[in-house]
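The structure appears right after this line, and notes come after that.
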Amino acid sequence: MMKKKTIVVASNNRGKIKEIKAILPDFEILSLKEAGIISNPDETEDTFEGNALIKAKDAKKFTQHMVIADDSGLEVYCLNYLPGVLSKRFYACINSSIIEDNQNSDSYDKLNTKALLKIMRNIKHENRDARFVSCVALIKEDGTHAVFYGECEGRILFESRGRLGFGYDPIFMPNGFNLSFAEMSEEQKNKISHRSAALNKLKEYLND
Ligand code: IMP
């Protein structure tokens, strides 16, 4: 049997690594830690693609193997695609009063969802359309690269629902479902998620 090719994922996020392993069973998947790499570059670009490439290129300096990195976020159409690349620290960008309110030591995820619900409180149901976007960057062994996009369309709820998942999952309901992402099992979410859509395109490319 041929030895599996190795892909280093420029992340230590266990959820992401698990999802990538499930989608790419024909490859040996290593996290940064498993590959013995320390890489945490500043994400200074203003696009998902730019930031995914920053992460992948930085990790590639330390390995001969292929590297993949993903950058993702939530785009709300009526907010001109915000939070977008600011998704991870959105609360800090918009309103310091939300942080001053933070008597319960809420996590970043909770602060972000609170901030988004607050600025959208007067926006009607029909104008709350949004999508998650994921961009996966691949740097091949020879240093050349390719990028793959995935999206998941849905809308922003008026309040949090569900306890599973992470980030904006409790306030995002994908189209065609009556469940928020945080009310879905990991398996169910991974079937329709933006990240799995991008990873499936990567898989097709690698198998060609
Ligand atoms: P990153 O791509 O891991 O840097 O993710 C950026 C941010 O986007 C996260 O911190 C979350 O706030 C948000 N995000 C990305 N993907 C998801 C998802 O599947 N569910 C909920 N939030 C997400």
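Below, the figures for the structure above:
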| item | result |
| --- | --- |
| Accessible heavy-atom area order of Arg163, Arg121, Arg195, highest first, probe of 1.4 Å | Arg163, Arg121, Arg195 |
| Partner aspartates and glutamates for Lys61 [C-alpha distance under 15 Å; skip if fewer than 8 residues away on the same chain] | Glu141, Asp142 |
| Order of exposure, largest accessible area first, which applies to Glu151, Glu75, Glu159 with probe 1.4 Å | Glu159, Glu151, Glu75 |
| Where the Cα pairs of the range 6-207 fall when distances are cut into 10 Å bins, in % | 9, 34, 34, 18, 4, 0 |
| Within the accessible area of the range 6-207 (1.4 Å probe), percent carbon and sulfur | 47 |
| Bridge type composition, the range 6-207 - antiparallel percent by DSSP, nearest 5 | 80 |
| Flagged links, alpha-carbon separation over 23 Å, of Lys55/Lys88; Lys124/Lys189; Lys4/Lys201; Lys55/Lys201; Lys140/Lys203 | Lys124/Lys189 |
| For the range 118-208, accessible area per residue (1.4 Å probe, heavy atoms of protein chains only), Å² | 53 |
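The values are calculated or read from the model by the stated rules, or taken from the named source; none is laboratory data. Computed from a predicted structure; not experimentally measured. In case anyone asks, the SASA skips ligands and DNA or RNA and just uses the protein heavy atoms, side chains included. Shrake-Rupley method; radii C 1.70, N 1.55, O 1.52, S 1.80 Å.
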